[in-house]
Ligand code: ADP
């Protein structure tokens, strides 16, 4: 199912820009009570971070995928990241190593009873991918058919980088699309609604913080707020997802729950990757959102994203 949209143009790559981290995954039978001791069923390290996960899923779905982001140089973590990208065929030649900083880590508690994921992130001293680092990397924009940004707290740098991509695209006549994800429920990220991206993926958490009670209200409100022609897409957990282009009708789809919900971690990253893939292959907005919900729903029935293959 995951590969049902077969790739016809795999020459150009989809570039995901943002975080790569180490996830420390531990599964518990039931969610622990604060200030108690309990045992977990398993623990392991793996590569996470929204943009890194977007790249891995895109590659698993048959796309040529590239990753750009800053990374610390903790030896065994950096090796795990490079080995993982290599294993999935993700091009990481634009990854920027920052010597003297550790790779950020996220502790993820997966609850077997509900499939919920609770994450605590430690960023440490690693610098963000600033606008000057982004432009200093001198990307070859002719290689990409889509450039996706994970919106970071330093939204100004993300905004400037998106504007730079737009300027390059317009001045050189490149055909790539630009998207950005607004995930964190932080009022600062509201500024990214004004960015010149073609698609803006907006999380349920951010939408609720902005006062929207459901996905239809969210896409109706956000689509009036963004620039003309921009499409907003709101994945809404087990309710599915909705999308709307400024000036057009909204589309929506219910979720596609698996037989058993095993682990919802990475559902959002999977959703975005699958939606981008479908849109790259000229799917209509409603087909793309439906496909994205199907793939993300399938992920919820799996422990790890690499089982999607
Ligand atoms: P995240 O919490 O990882 O950001 P979301 O909650 O936004 O992810 O969900 C993204 C998509 O994943 C949803 O639009 C939906 O299609 C799918 N999804 C998430 N949770 C479930 C679930 N419990 N059952 C089925 N599909 C789900």
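General observations
- Spatial extent of segment 61-215: Rg and Dmax, with the Cα atoms as the point set, Å: 17.0, 53
- The three principal axes of the Cα atoms in segment 45-102 give end-to-end lengths of 35, 22, 17 Å, sorted in falling order.
- Calculated P(r) tail over 25 Å for the chain, as whole % of Cα pairs: 47 percent
- The chain: relative contact order as a whole-number percent, Cα under 8 Å and 6+ apart: 16 percent
- Segment 57-98 versus segment 237-268: alpha-carbon centroid distance in Å: 27 Å
- Amide N of segment 193-225 lying under 15 Å from the label point, which is placed 7 angstrom from the Cα of residue 141 along Cα→Cβ: 196-198
- One chain, two ends: residue 132 and residue 117. Fully extended at 0.36 nm per residue, the span grows by 1.9 nm beyond their Cα-Cα distance.
- Computed over the Cα atoms of segment 155-220, the ratio of the radius of gyration to the Kirkwood radius (Rg/Rh) comes to 1.04.
- Alpha-carbon gyration tensor eigenvalues x 5, square-rooted, for segment 66-141, Å: 26, 16, 13
- Over segment 107-156, the alpha carbon radius of gyration divided by the compact-protein estimate 2.2 N^0.38 Å works out to 1.72.
- Calculated P(r) of segment 122-185 - Cα pairs past 17 Å, %: 43 percent
- Each helix, a run of at least 4 DSSP H residues, gives -39500 (n - 2.57); summed and divided by the residues of the chain, these come to -9500 deg cm²/dmol at 222 nm.
- Residue 93/residue 41 FRET efficiency (R0 30 Å; Cβ-Cβ; nearest 0.05): 0.20
- As a length-normalised measure over Cα pairs under 8 Å and 6 or more apart, the relative contact order of segment 209-309 settles at 24 percent.
- Compared with the direct C-alpha span, the chain from residue 309 to residue 261 gains 15.5 nm at full extension, assuming 0.36 nm per residue.
- Rounded to two decimals, the Cα radius of gyration of segment 165-264 over 2.2 N^0.38 Å is 1.16.
- log₁₀ of I(q)/I(0) at q = 0.11, 0.13 Å⁻¹ - segment 15-139, Debye sum with one point per alpha carbon: -0.43, -0.58
- The value given for segment 212-294 is a Kirkwood hydrodynamic radius of 13.0 Å, derived from the mean inverse Cα-Cα separation.
Values in this text are rule-based calculations from the coordinates and carry no lab data. Fair warning: this is a prediction, and the values are worked out from it, not measured in the lab. Cβ sites come from the backbone with ideal geometry, for glycine too, and all protein chains shown count toward neighbours.
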